[in-house]
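Asks: Let me begin by handing over the structure; questions about it come next.
The values are calculated or read from the model by the stated rules, or taken from the named source; none is laboratory data. Since we're looking at a predicted model, the values are computed, not measured. Reconstructed Cβ throughout: ideal geometry from the backbone, glycine too, with neighbour counts over all protein chains shown. Heads up: the accessible areas ignore ligands, DNA and RNA and are worked out on the full protein's heavy atoms, side chains in. Shrake-Rupley method; radii C 1.70, N 1.55, O 1.52, S 1.80 Å.
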Amino acid sequence: MKTFLFSLSSLVLAMSLCAQGPEVAVDSGGVGTPREAIIKSSSLLKVNVTYQSFSPHIPWQKESPGSRRGLGVVLKGNEILVTAQMVADSTYIELEQPESGQKLTAKVKAVDYEANVAVLVAENAERAKGFFAEVKPMEIDTGARIGDGLSVWQIGPAGDLIVTPLRVSKVETADYFVDGSVFLVYEGNGIIRTEGNSFTLPVVKGGKLAGLLLRYDSKNQVTTVLPAPIIDHFLKDTADGTYEGFPNLGVEFQLTLDGQFRDYLKMKEGDTGMYVSQVMKGMTGEKLGLKEGDIITSVNGFDIDSRGNYRDPQYGTLSVSHVVRGRAFVGDALKVTVMREGKEVVLEGKLARKNPAEMIVSPYRFDRGPNYLLAGGLLFQELSKAYLEGFGRDRQTGPILRLARLAKSPEEFEKKGCKKIIFLSAVLPTPSAQGYERMGGQIVEEVNGVAITDLTTLDEALKKPVNGVHTIRLGEFPHLIHIDALAMERDNMAIITGGYRVGSLKRIE
Amino acid sequence: MKFASVSAAVLMAVSLPWAGMAQPIDLSSSVWDGVVNIDASMQVPDYREPWNGGRPTGGSGTGFLIGKNRFLTNAHVVSNATKLVIRSSNDPEPHPARIVFIAHDCDLAILEAVDGKHFEHLKPMQLGGIPKLNTEVIAVGYPIGGDRISVTRGVVSRIDFRQYSHSGVDSHLSIQVDAAINPGNSGGPVIQDGKVVGVAFQGYSGNVAQNVGYMIPVPVIQRFLKDVEDGKYDHYVDLAISDFPIENPAQRKALGLGEDGIGVMVGSAEPAGSGGKVLKTGDVIVAMDGSPVFNNGLIKLDDELVNMNEVVERKFAGDSIEIEFLRDGKKMKETVKLARFEPYVRLGNLYDERPRYLVYAGLVFQPLERNLMDAHSIQDPLVNYLFDNFLGDKLYVEKPEPVILTQVLPDEVNTFLTPYAHGVVEEINGVKITRLADVKAALAKKNGDEPFVVVKLMEVNRPLVLRRDLAEEAHPRIMKTYNIPQDAFLGE
């Protein structure tokens, strides 16, 4: 009885899918063959990734390898779409045919960790030919709206397709994978079952790709989808071979709902807009001429309400960040109207992007190890979010709090011309560093009379000891240390070959 | 210099008296008579709802007679007391008592009975000296486990400079003994050869370390007694510098030191401290008051190597110290007048103080202190940064008393401001806020006829704005709703 019911419901699903997409193979055996996989997709591949991240605190070492298993969507040109999170710090990527189990080694062709999208291609084009023979690429549909029915696809152990319906209940902007990266998402409610290869799952509308599963909150049964418009943007950007990434505005906003705050800003009844509370250096907002205290009333023709939203023709009320980031490209025109000291001012310019590498405190870093320099046991590193996050929330005391605060507002270092903030993160006990073993957390200001603005200047400065002694000035207690230059060289050799077995004394990339 | 790092040392929270007798215990001797039990009723201030009276509690400890109607005990036995009663061993009658002097930085206090006549027949106990290692001592007092007087016995295990956990920030000479010291022993005498060689005051709980108890030694007691001779307690003085031991040969060479092991580097000097007026980072202290200071920061005093702070420890407010030091290889000698280092105090536990605060239209302002941090369990990273790096980053120079917006008591006038609780106040109506007292005047300040009160918080890029007319109308309402009897207490 139970079996019967199950097969019946499967059939209904299969039929509706059949009507939507020709690439879905349907087993029309009906009630009589209930135990066979009923539907299959020839556009999905299992993707198995082995990854190994670098240790933020012992930067020459990698952590233990781990694995992620998800589904990739085959696009035209036999490129496979997955989330960036899937391939972060990958050491080995393989594609697997769901049914035959045939495998093919793949590599990352393009990746954007902010938008959380990546495209894979075969490592060896010759071998790929046979592998992709039966595979059909999937098209992308960017047209989903609130209320639309989508389905999440999973693949069972025998290559059978498991389809879970999902209705879009909300479209908004939300956090992606990298801290502070906010883009468009679809949200829906529904239960997604646990299966192998569920790290990344395709979300489909009418047989076309509507998005990738971004996260699933099993407690509240909320499914968040990385939507097709963001994927499409990424693919368009990669098409010409150079990837520019999404523009960033570099402006902090505040709501203007508080009636007394509105009075203070001299906003009249019915006036809307958002208050500019901070303009970051060297980013679009600053180049455009935005100033703290401005009230932004419209962006590229869209009126902005007091929550910082506009009315999107496709999705309705949505954060303005979608206008300047999610749906915009670097170089696009930007026109912003602001109220400044009671007058309307129109600002025009182009959308730009500041890359993580140009930022004084690196917001994220994958696939490459943290930069560092070891000198006679003294370990110097660049201040980065990854380093601070490595401590976890509970252990943030004293020096870590200080470093975290510098990372949050590094303007003082930018003013001094620092490209990175260099600090002494730890000391490997060596004879030349005798007495300094317990140090750590101090900002490096000057070495042998040279101001330190990044690891390269530090590396150079350490080549010029004065009278055989290195003089290192630090921002915090004990402020001043000296190391014998010859002894340091001796210890450097010992660090490579001796007990510490550090492969290399530095990584400066 | 006495900036101690946070250590695991725990105060025997319940006072533990330790009364001990010298080797030949003469039970007929009157040596016990001067050891009294102290019963304290206390009111623990409420830093969360600072307008409230606090939480009543109580405790018990030991004290002993050191002069005519003068009982010595620990400060932590009688801190925050609302009522004190002393009982002697063979007398069931409780005698009301009061505090004459209290020194939280060295955990000592002197009490007197309201009516001293009852104790006139008792012989005060005499102070001895610093006992030698591995010599026997006894601790006498009223610890848990019974009501009558208790004696435990042990030897002197170690003499060292240690953190005193009552304030949590002060370190002084202290003597470790292996006689059992338990809750209730606090304030009691530790005795050798019939004389008091220390006051039992702290130890470890049994799951941390065994048989480790500490007593306040005679030099610290005598310093306290001398300090109060003029009728008031002036506190310890401090050089307010941090020394960095010189162990590295290159460091020694670069700083121009010889091979004789003399000299310790100044790692930081507090600009507002007494040492900071003369010394700066990178200077090398070679001698204090004529005694050589070694590379590890120890100094030779009375033929013993002790922490160099010990020289300062023995001084009083207004005393001077002569420091010989090297700067850029040049020998220098300066006299430093010693004073208390105020910024340090708020990092420690405060007692016998009514919490200060100011409420305005539901916004509660309080000064940053350890008591406040503990009470509000503030997670905000900026506030924690300020507290943890208050000295290290010299934050006290600009903000001697950072003011925190600890709560926003919700009302329609401030409902949009509730997310900003735990912010650090930077400015009010254009006036920089450096201490709580500034808040009152700044709130009252009017910029022409501007109808707003504007509060700027550190690292919050929008001002918090209240319409003055609405705020003033709401203020009495909020006070009434939240049962706040008084809208500010800014100190005595």
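Asks: Would you say residue B:234 is buried (at least 20 other Cβ atoms within 10 Å of the Cβ), farther than 24 Å from residue A:472 by Cβ and not basic (Lys, Arg)?
Replies: no
Asks: Taking the range A:404-422, which residues are within 14 Å of chain B (Cβ to nearest Cβ) and open to solvent by less than 40 Å² (accessible area, probe 1.4 Å)?
Replies: Selection gives A:404, A:406, A:407, A:409, A:410.
Asks: Within 14 Å of chain B (Cβ to nearest Cβ), closer than 30 Å to residue B:468 by Cβ and among the hydrophobic types (A, V, I, L, M, F, W, C): which single residue out of A:280, A:274 fits that description?
Replies: Values: A:280 fails: closer than 30 Å to residue B:468 by Cβ.
It is A:274.
Asks: Condition check: within 14 Å of chain B (Cβ to nearest Cβ), buried (at least 19 other Cβ atoms within 10 Å of the Cβ) and aliphatic (A, V, I, L, M). Does residue A:214 satisfy that?
Replies: Details: within 14 Å of chain B (Cβ to nearest Cβ): no; buried (at least 19 other Cβ atoms within 10 Å of the Cβ): yes; aliphatic (A, V, I, L, M): yes.
It is false that residue A:214 is within 14 Å of chain B (Cβ to nearest Cβ), buried (at least 19 other Cβ atoms within 10 Å of the Cβ) and aliphatic (A, V, I, L, M).
Asks: Within the range A:478-492, take every residue that is within 7 Å of chain B (Cβ to nearest Cβ) and under 40 Å from the mean Cα position of the chain (by Cα) and give me the one that is farthest from residue B:279 (Cα to Cα).
Replies: A:481
Asks: For the range B:408-428, which residues satisfy the criterion of being within 12 Å of chain A (Cβ to nearest Cβ) and either over 32 Å from the mean Cα position of the chain (by Cα) or aromatic (Phe, Trp, Tyr) (or both)?
Replies: Those that are within 12 Å of chain A (Cβ to nearest Cβ) and either over 32 Å from the mean Cα position of the chain (by Cα) or aromatic (Phe, Trp, Tyr) (or both): B:412, B:413, B:414, B:415, B:416, B:417, B:418, B:419, B:420.
Asks: In the range A:453-471, how many residues are within 36 Å of the chain's Cα centre (by Cα) and either over 22 Å from residue A:401 (Cα atoms) or part of a strand (DSSP E or B) (or both)? Before the answer, list the steps.
Replies: Going residue by residue through the range A:453-471, those that are within 36 Å of the chain's Cα centre (by Cα) are A:453-462.
Next, from what is left, pick out any that are either over 22 Å from residue A:401 (Cα atoms) or part of a strand (DSSP E or B) (or both): A:455-462.
Result for the range A:453-471: 8.
Asks: Do we have any residue at all in the range B:446-455 that's under 30 Å from residue B:271 (Cβ atoms), within 13 Å of chain A (Cβ to nearest Cβ) and assigned to a loop (DSSP other than H, G, I, E, B)? Steps first, answer last, please.
Replies: Pass one, the range B:446-455, residues under 30 Å from residue B:271 (Cβ atoms): B:455.
Among the residues that remain, those that are also within 13 Å of chain A (Cβ to nearest Cβ) are: B:455.
If we keep only those that are assigned to a loop (DSSP other than H, G, I, E, B) as well, we get none.
The answer is no, given that none of the residues of the range B:446-455 is under 30 Å from residue B:271 (Cβ atoms), within 13 Å of chain A (Cβ to nearest Cβ) and assigned to a loop (DSSP other than H, G, I, E, B).
Asks: How about the range A:442-470: which of its residues are within 10 Å of chain B (Cβ to nearest Cβ) and open to solvent by less than 40 Å² (accessible area, probe 1.4 Å)?
Replies: Once the filter is applied, which keeps residues that are within 10 Å of chain B (Cβ to nearest Cβ) and open to solvent by less than 40 Å² (accessible area, probe 1.4 Å), the range A:442-470 yields A:468, A:469, A:470.
Asks: How many residues are out of contact with any Pro (no Cβ under 7 Å at 6 or more places or on another chain) and open to solvent by 30 Å² or more (accessible area, probe 1.4 Å) if we restrict to the range A:355-381?
Replies: 8
Asks: Same structure, new question: So which residues in the range B:386-401 are free of Cβ contacts under 8 Å to residues at least 40 places away in the same chain and within 14 Å of another protein chain (Cβ to nearest Cβ)?
Replies: Within the range B:386-401, B:386, B:388, B:389, B:393, B:395 meet the criteria.
Asks: Then there's this: Tell me which of these residue B:284 doesn't satisfy, since it passes every other one: (1) surrounded by 17 or more Cβ atoms within 10 Å (Cβ to Cβ); (2) out of contact with any Gly (no Cβ under 6 Å at 6 or more places or on another chain).
Replies: Just one mismatch for residue B:284, condition (2).
Asks: Mind checking which residues of the range B:330-357 are open to solvent by 20 Å² or more (accessible area, probe 1.4 Å) and within 11 Å of the chain's Cα centre (by Cα)?
Replies: B:345, B:346, B:347, B:349, B:350, B:351
Asks: Evaluate the following for residue B:383: is it within 14 Å of chain A (Cβ to nearest Cβ) and part of a loop (DSSP other than H, G, I, E, B)? Don't jump to the end; show me each part of the working.
Replies: Working: within 14 Å of chain A (Cβ to nearest Cβ): yes; part of a loop (DSSP other than H, G, I, E, B): no.
Criteria not met by residue B:383.
Asks: Does any residue of the range B:239-253 turn out to be part of a helix (DSSP H, G or I) and either within 24 Å of residue B:400 (Cβ to Cβ) or in contact with a Pro (Cβ under 6 Å, 6 or more places away or on another chain) (or both)?
Replies: Within the range B:239-253, none of the residues are part of a helix (DSSP H, G or I) and either within 24 Å of residue B:400 (Cβ to Cβ) or in contact with a Pro (Cβ under 6 Å, 6 or more places away or on another chain) (or both).
Asks: Within the range A:299-319, which residues are open to solvent by 20 Å² or more (accessible area, probe 1.4 Å) and on the phi < 0 side of the Ramachandran plot?
Replies: Matches in the range A:299-319: A:302, A:303, A:305, A:307, A:309, A:311, A:313, A:314, A:317, A:319.
Asks: Among the residues of the range A:196-205, is any closer than 17 Å to residue A:116 by Cα and open to solvent by 10 Å² or more (accessible area, probe 1.4 Å)?
Replies: yes
Asks: Residue check: is residue A:435 open to solvent by less than 60 Å² (accessible area, probe 1.4 Å), without any contact (Cβ under 8 Å) to a residue 12 or more places away in the chain and not hydrophobic (A, V, I, L, M, F, W, C)?
Replies: Values: open to solvent by less than 60 Å² (accessible area, probe 1.4 Å): yes; without any contact (Cβ under 8 Å) to a residue 12 or more places away in the chain: yes; not hydrophobic (A, V, I, L, M, F, W, C): yes.
Criteria met by residue A:435.
Asks: Can I ask one more? Those residues that are in contact with an Asp or Glu (Cβ under 7 Å, 6 or more places away or on another chain), of a type in the set (D, E, K, R) and modelled with pLDDT of 95 or more, I need them from the range B:332-359; list them, please.
Replies: Of everything in the range B:332-359, just one residue is in contact with an Asp or Glu (Cβ under 7 Å, 6 or more places away or on another chain), of a type in the set (D, E, K, R) and modelled with pLDDT of 95 or more, namely B:333.
Asks: Further, regarding this structure: For residues that are open to solvent by less than 10 Å² (accessible area, probe 1.4 Å) and either touching a Leu at 6+ places or on another chain (Cβ under 8 Å) or not in a loop (DSSP other than H, G, I, E, B) (or both), scanning just the range A:172-195, find the one that is modelled with the lowest pLDDT.
Replies: Looking at the filtered set, the residue picked out is A:188.
Asks: Suppose the filter is in the same structural domain as residue B:374 (by TED's automatic domain parsing), hydrophobic (A, V, I, L, M, F, W, C) and under 32 Å from the mean Cα position of the chain (by Cα); does residue B:436 pass it?
Replies: yes
Asks: Another question, then. Among the residues of the range B:170-227 satisfying the criterion of being assigned to a helix (DSSP H, G or I) and basic (Lys, Arg), which is most open to solvent (accessible area, probe 1.4 Å)?
Replies: By that ranking, first place goes to B:226.
Asks: Turning to a different aspect of this structure: Could you look through the range A:261-290, keep only residues that are surrounded by 15 or more Cβ atoms within 10 Å (Cβ to Cβ) and of a type in the set (D, E, K, R), and pick out the one that is nearest to residue B:449 (Cα to Cα)?
Replies: By that ranking, first place goes to A:263.
Asks: Tell me, please, whether a residue that is closer than 23 Å to residue B:90 by Cα, at pLDDT 90 or above, open to solvent by 40 Å² or more (accessible area, probe 1.4 Å) and of a type in the set (Asp, Glu) can be found in the range B:48-69.
Replies: Within the range B:48-69, not a single residue is closer than 23 Å to residue B:90 by Cα, at pLDDT 90 or above, open to solvent by 40 Å² or more (accessible area, probe 1.4 Å) and of a type in the set (Asp, Glu).
Asks: Here's a follow-up. From B:84, B:72, B:11, grab the single residue that is within 30 Å of residue B:122 (Cβ to Cβ) and at pLDDT below 95.
Replies: Only one candidate passes the filter, namely B:11.
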